[in-house]
Amino acid sequence: DTEVTQTPKHLVMGMTNKKSLKCEQHMGHRAMYWYKQKAKKPPELMFVYSYEKLSINESVPSRFSPECPNSSLLNLHLHALQPEDSALYLCASSLQGTAVAYEQYFGPGTRLTVT
Amino acid sequence: KQEVTQIPAALSVPEGENLVLNCSFTDSAIYNLQWFRQDPGKGLTSLLLIQSSQREQTSGRLNASLDKSSGRSTLYIAASQPGDSATYLCAVTGFQKLVFGTGTRLLVSP
């Protein structure tokens, strides 16, 4: 199984809502990532988890709150988002997230629209 | 700060042509370089991974080369097909971080 799954595929939320994005992999990978991609732009790194611990936060606003409950699951909790947060949110995983960089596998993404 | 640029930004070719996509990066201290394909509104599919110690990798009709010292990589696609139409992204890896290029939108017409 070389698949990263993400749910939901699409999400529409108001600025006062609280929602969560979910990412799952069963490849035994110990590093997981969240990226944000705006239309016609490359993905931008948001967070990196390595061995279930947050290792990189790319100065992401606190209205985005990541969580890694176990080595297979990564969540992104959303609260009080702004319309400019509308984007494709991509999850990825790799065998490890250490100095020896491993290939990253990406999920299909969640298309988020904030109204 | 690592910056990754891809040229051309867009490319339109007839089916059957061989083509080259270019990727350049400013900091040669990379661990590896990945080429990805992205279809509209979809996730990324990894095509090739070149470790920093390697010069090239091949997969089917795809061949990617890496010249770390000059900060360049090329993706060669042989005998292009309409199904190759997509955006192609290169990404270089530093410590835990993947920095993406600006992408090349490829259209292969029948």
Once you wrap a convex hull around the alpha carbon atoms of the range B:32-90, what is its projected area averaged over all directions, in nm²? 4.1
Starting from the amide H of B:GLY103, placed 1.01 Å from N in the peptide plane, find each other amide H under 5 Å away whose residue is 5 or more places distant or on another chain. B:GLN6, B:CYS90
Listed pairs A:LYS18/A:LYS38; A:LYS22/B:LYS42; A:LYS18/B:LYS1 exceeding 23 Å between Cα atoms: A:LYS18/B:LYS1
Binning at 10 Å from 0, report for the range B:1-40 what percent of all alpha-carbon pair distances ends up in each bin. 19, 48, 26, 7
Where only C-alpha atoms are counted, convex hull volume of the protein assembly as shown per residue in Å³: 119
Calculate one ³J(HN,Hα) per residue across the range B:8-17 by plugging θ = phi - 60° into the Karplus curve 6.51 cos²θ - 1.76 cosθ + 1.60, and present them in order as whole Hz with x for glycine and proline. x, 6, 8, 8, 10, 9, x, 3, x, 6
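For chain B, take the alpha-carbon Rg, divide it by the Kirkwood Rh, and send me Rg/Rh.
0.96
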Lys and Arg at +1, Asp and Glu at -1: add these up for the other residues within a Cβ distance under 15 Å of B:ARG72 and post the number. -2
Can you compute the modelled spin-label distance between A:LYS9 and B:VAL20, with each label point 7 Å from Cα toward Cβ, in nm? 4.0
Ellipsoid semi-axes in whole angstrom, largest first, where each is sqrt(5λ) of the Cα gyration tensor of the range A:37-107: 22, 15, 11
Among the aspartates and glutamates, which fall within straight-line cross-link reach of A:LYS40, defined as a Cα-Cα distance under 19 Å, with same-chain neighbours fewer than 8 residues apart omitted? A:GLU84, A:ASP85, B:GLU3, B:ASP39, B:ASP84
Rounded to whole angstrom, the alpha-carbon centroid of the range B:1-69 lies from that of the range B:83-110 at a distance of 6
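No lab work stands behind these numbers, since they all come straight from the coordinates. Given the structure is predicted, the values throughout are model-derived calculations rather than measurements. No Cβ is skipped: glycine too gets one built from the backbone with ideal geometry, and neighbour counts run over all protein chains shown.
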